[in-house]
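The values are calculated or read from the model by the stated rules, or taken from the named source; none is laboratory data. Predicted model only: the values in this text are computed from it and were never measured. As a convention, Cβ positions derive from the backbone with ideal geometry for all residues, glycine included, and neighbour counts pool all protein chains shown. Heads up: the accessible areas ignore ligands, DNA and RNA and are worked out on the full protein's heavy atoms, side chains in. Shrake-Rupley method; radii C 1.70, N 1.55, O 1.52, S 1.80 Å.
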Amino acid sequence: MSTQRLEGVEAGKGNRVKLVLGENPFHPAGGGQPGDSGWVEAPGLRCRILDCRMEEGAPVLLGEVLEGTPVPGAEVEARVDEERHHLLARMHSGEHALSRALEKNVPGLRVFKVNVDTKESLITLRWEGELTWEVLFAAEAEANGVIRADLPVTTRVFSREEARVDPDLKANWDRLEGGKEAPESLRVVSLGDYDKVACCGSHVERTGQIGGVLITGFKGTAPQWEVRYTVHRDELLEAWSRPLRRLVRQVGSPPEELEKVYGRLQEERSEARRLLDRLRPFLALPFREEPRGEASFLRLVLPGLPLDLITGPCKETIQEDPKRLVLALLPDEGERSPFLVCRGAGLTGDLKGWLKGHPELAARGGGSPDWISGVTQERDPEKWAKALKEVL
Ligand SMILES: [Zn+2]
């Protein structure tokens with residue numbers, strides 16, 4: 001907490017406000033890290049600070065007024081949310097360790113963008129190779145070694161010339177070499193002698209304070225990849241191990257066998273599909289047809305059959321005679337029975353819109369004006385047939 005003079009106040013939409021303090025204790029956003037949050041208060045005045053950003057070279061607080069009216073020249077108490085500040089510093093310092101471990105372990109890999117947040121953070125990288133969990137596990141283990149080594153984290157300002165000749169320093173050289181934008185000096189953050197990088201974020205004092213990093217996922221295709229990670233390592237490992245332990249008991253295989261079991265299940269599933277495909281041409285489904293004017297209404301009720309099996313025959317039915325409306329209901333033991341409604345090109349009417357107008361069918365699904373499918377709690381075909389009279 002520090003006492004400050006309010007040097008600038010700019011009212012925004014609603015209760016939004018921009019504040020400038022005499023000596024700003026909030027760390028501004030930068031380098032992919034959001035700015036500090038906190039409070040600016042005085043008797044009769046309460047402002048929640050949501051972010052701090054550099055605007056024209058000066059830090060500006062973005063907040064909302066909860067009580068009173070801030071006026072320039074007023075004396076206020078500024079309070080940074082230290083818990084969030086420290087968490088962002090841990091996340092950001094963890095990113096330094098993880099990014100450098102990835103770059104050291106994988107030749108040609110370059111981290112070029114970072115989004116630091118409190119719950120989970122994101123590293124965007126470029127690499128021509130195929131990113132795998134094995135690559136990520138190795139980098140994660142190395143980063144956690146750096147964290148356990150409890151290296152000092154130091155910040156020093158380098159001149160542009162000094163920075164340019166340092167072979168270990170990682171910086172955005174395009175910006176350094178490029179005309180007006182190039183800064184005269186650089187803030188350089190080091191993790192012992194493991195990593196040295198130009199950075200304007202906030203950091204811990206020793207790597208041990210990071211606690212640990214855990215990669216939570218990754219996506220992308222070569223050459224651009226996104227890696228998600230967090231410093232909430234122990235909590236998350238504990239939380240994730242619970243469904244895993246449940247699954248191990250349910251499947252009856254040790255954790256290291258689960259991937260193999262899943263692979264086998266997928267194989268069996270595609271084998272079953274192939275079998276169905278071979279069977280399909282020989283299936284004659286028991287449609288019940290009744291004329292309705294010049295058109296006809298066909299219904300098919302087959303308890304327990306999968307939707308996959310009947311979509312082909314339904315399609316053929318409406319192609320054979322485009323003046324047909326087909327209802328297929330596959331009542332299941334459970335709450336959700338699959339259904340399908342389709343019509344031939346010789347009929348009009350929007351089935352998708354029709355379904356929305358019939359909440360009594362308790363159906364969930366969608367499709368197009370001439371073809372809808374999904375699941376329903378209404379297993380009585382008479383109720384469906386009655387509602388479908390609107391269409392035919
Ligand atoms: Zn940093």
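So what is the calculated 222 nm ellipticity per residue for the chain, using -39500 (n - 2.57) for each DSSP H run with n of 4 or more, over all residues, to the nearest 500 deg cm²/dmol?
Value at 222 nm, helices only, nearest 500: -9500 deg cm²/dmol.
Just name one of L355, G30, A198: the one whose Cα is farthest towards the positive end of the charge dipole of the chain (beta-carbon charges, Lys/Arg +1, Asp/Glu -1).
Value computed over the given set: L355.
Using a Förster distance of 51 angstrom, determine the FRET efficiency expected from the C-beta separation of R53 and R246, and round it to 0.05.
0.70
Roughly how many debye, to the nearest 20, is the charge dipole of segment 87-240 about its Cα centre, given +1 on each Lys and Arg Cβ, -1 on each Asp and Glu Cβ, and no other charges?
Roughly 280 debye, rounded to the nearest 20.
Which residue fluctuates most in the GNM of the chain (Cα springs below 10 Å): E238, E67, E289?
Of the options given, E289 has the highest mean-square fluctuation.
Going by average Cβ density within 10 Å per residue, which order do the peptides 94-105, 39-50 take, highest to lowest?
94-105, 39-50
Run the simple label-point estimate for E271 and F112 please: 7 Å along Cα→C-beta, distance reported in nm.
It works out to 4.6 nm between the two label points.
Just to confirm, what accessible area per residue do you get for segment 1-62 at 1.4 Å probe, in whole Å²?
52 Å²
Name the residues of segment 194-219 whose amide N is less than 12 Å from a point 7 angstrom out from the Cα of A149 along the C-beta direction?
Residues 194-196, 207-208 qualify, since their backbone N sits under 12 Å from the label point.
Go ahead and run the numbers for FRET between R280 and R364, Cβ-Cβ distance against an R0 of 30 Å, rounding to 0.05.
0.70
Restricting the calculation to Cα positions, tell me the Rg (one decimal) and the Dmax (whole number) of the chain in Å.
31.5, 89
Within 10 Å, count the other beta carbons around each residue, average over each peptide in 299-310, 194-205, and list them highest first.
194-205, 299-310
Quickly work out the L258-to-E335 label distance, labels modelled 7 Å from Cα along the C-beta direction, and quote it in nm with one decimal.
A separation of 2.6 nm, rounded to one decimal place.
Relative contact order for the chain using alpha-carbon pairs under 8 Å, separation at least 6, rounded to a whole percent?
RCO, the chain: 10 percent.
Using a Förster distance of 41 angstrom, determine the FRET efficiency expected from the C-beta separation of R5 and R228, and round it to 0.05.
0.50
Can you compute the charge dipole magnitude of segment 275-392 about its Cα centre, using +1 on each Lys and Arg Cβ and -1 on each Asp and Glu Cβ, nothing else charged? Give it in debye, rounded to the nearest 20.
In debye, rounded to 20, segment 275-392 gives about 120.
How large is ³J(HN,Hα) for each residue in segment 88-96, as worked out from phi by the Karplus curve 6.51 cos²θ - 1.76 cosθ + 1.60 (θ = phi - 60°), to whole Hz, x for Gly and Pro?
Here the 3J(HN,Hα) series is 5, 5, 5, 4, 5, 5, x, 4, 4 Hz.
Which percent, nearest 5, of DSSP beta bridges in the chain are antiparallel?
In the chain, approximately 90 percent of DSSP beta bridges are antiparallel ones.
Can you pull the one-decimal nm distance between simple spin-label points at E238 and L309, each 7 Å off the Cα toward Cβ?
Here the modelled spin labels are 4.8 nm apart.
Using a simple charge model, +1 on the beta-carbon of Lys and Arg, -1 on the beta-carbon of Asp and Glu, nothing else, what dipole does the chain show about its Cα centre, in debye to the nearest 20?
So the magnitude is around 1160 debye.
Going by average Cβ neighbours within 10 Å, how do the peptides 155-162, 133-140, 337-344 rank, with the highest at the top?
Output ranking for 155-162, 133-140, 337-344: 337-344, 133-140, 155-162.
Just going by the charge dipole of the chain, with Lys and Arg at +1 and Asp and Glu at -1 on Cβ, which of T69, Y262, T230 is farthest out on the positive end?
The residue sitting farthest along the positive end of the dipole is Y262.
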